[in-house]
Amino acid sequence: MSRPIRIGAALPPQHAEYDVIRRAVARAEEMGVDAVFNWDHFFPLSGDPDGSHFECWTMLGGWAEVTERVEFGPLVACNSYRNPDLLADMARTVDHASDGRLILGIGAGWFQRDYTEYGYDFGTAGSRLADLKDALPRIKSRLRKLNPPPTRDIPIMIGGGGEKKTLRYTAEHADIWHGFGDTEVIRHKNGVLDEHCADVGRDPAEIERSVGAEPASPELGDALVEAGSTFITLGFDGADGFDLAPMAEWLAWRDERNAS
């Protein structure tokens with residue numbers, strides 16, 4: 001049986017007051033999205049680089065209390081910013097606060113300003129990936145030790161497209177892979193991930209394939225599904241108040257595809 005198509009909303013915590021972000025989360029849930037995401041940075045990634053911005057995990061704790069149905073999480077948490085055992089405990093706590101709706105997104109990290117201004121060692125792409133490799137089994141081990149345990153097996157979503165390492169770690173540890181790119185890029189990387197799954201003896205169908213997309217391009221939905229992605233997350237902008245109007249067409253498309 002094929003996976004159902006899911007639609008997410010990425011609501012970055014930048015260029016908006018907190019109440020605007022909170023209302024956007026509530027509106028997304030009301031519209032029927034499957035998941036909402038923020039990101040794990042300390043400064044805006046677009047627009048005014050010194051514009052308003054909020055911290056990821058504190059915000060997720062708030063989202064746990066103001067939503068009832070929707071899944072949510074970071075897209076994605078930076079492995080470098082927290083001890084892996086602490087991150088597992090944070091995830092377990094938000095899991096309980098939300099009655100089991102957290103998705104634990106994680107990646108190796110890349111935004112140098114975050115590292116420099118907050119005092120983290122930026123290292124190299126290779127060292128950050130090595131740290132992620134070491135962290136993933138620690139996170140899973142700590143989740144098994146916590147008392148009380150998580151309410152469910154918290155889904156781990158790895159973000160990134162590196163074919164030799166990131167996709168290998170995804171095959172070994174993740175429940176969801178999130179990537180970016182056009183349909184040909186996504187098709188290719190899904191194929192690479194399938195190969196890694198074969199190498200580690202894992203059924204590739206166990207890993208849900210997620211992709212970012214532009215809200216104004218609902219005509220791409222069918223092509224993204226054909227490229228292997230069934231979880232499509234649309235990015236919105238706090239600078240315009242998180243205009244979620246384009247989401248309606250995507251949700252109608254999702255419902256039609258899932259009913260067929």
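Here are some notes:
- Kirkwood Rh, Cα atoms: Rg over Rh of the chain: 0.94
- Cα pair distances of the range 111-184 binned at 5 Å [whole percent]: 3, 13, 19, 20, 18, 16, 9, 2, 1
- If R0 is taken as 30 Å, the Cβ-Cβ distance between residue 214 and residue 83 corresponds to a FRET efficiency of 0.25.
- Fluctuation leader among 134, 89, 34 - the chain, Gaussian network, Cα springs under 10 angstrom: 134
- Long-range amide H partners of residue 160 with built H, under 5 Å: 178
- Straight-line cross-link partners of residue 189 among the lysines, defined as a Cα under 29 Å from its Cα and at least 8 positions apart when in the same chain: 133, 140, 164, 165.
- Note on residue 48 and residue 17: their simple-model spin labels are 1.4 nm apart, each label 7 Å out from Cα toward Cβ.
- The amide H of residue 10, built 1.01 Å from its N in the peptide plane, has 37, 234, 235, 236 as neighbours under 5 Å, considering only residues 5 or more places off or on other chains.
- With R₀ fixed at 35 Å, the C-beta to C-beta distance from residue 27 to residue 172 puts the FRET efficiency at about 0.40.
- Dimensions of the range 16-156 from C-alpha coordinates, computed as largest minus smallest value along each principal axis and given longest first, are 42, 42, 19 Å.
- Among 235, 245, 156 - extreme Cα towards positive end, dipole of the chain, charges at beta-carbon: 156
Read-outs throughout are calculated quantities, based only on the coordinates presented, and are distinct from any laboratory measurement. For clarity, every value in this text was computed on a predicted model and none was experimentally measured. Because the Cβ atoms are built from the backbone with ideal geometry, glycine has one as well, and the counts that use them run over all protein chains shown.
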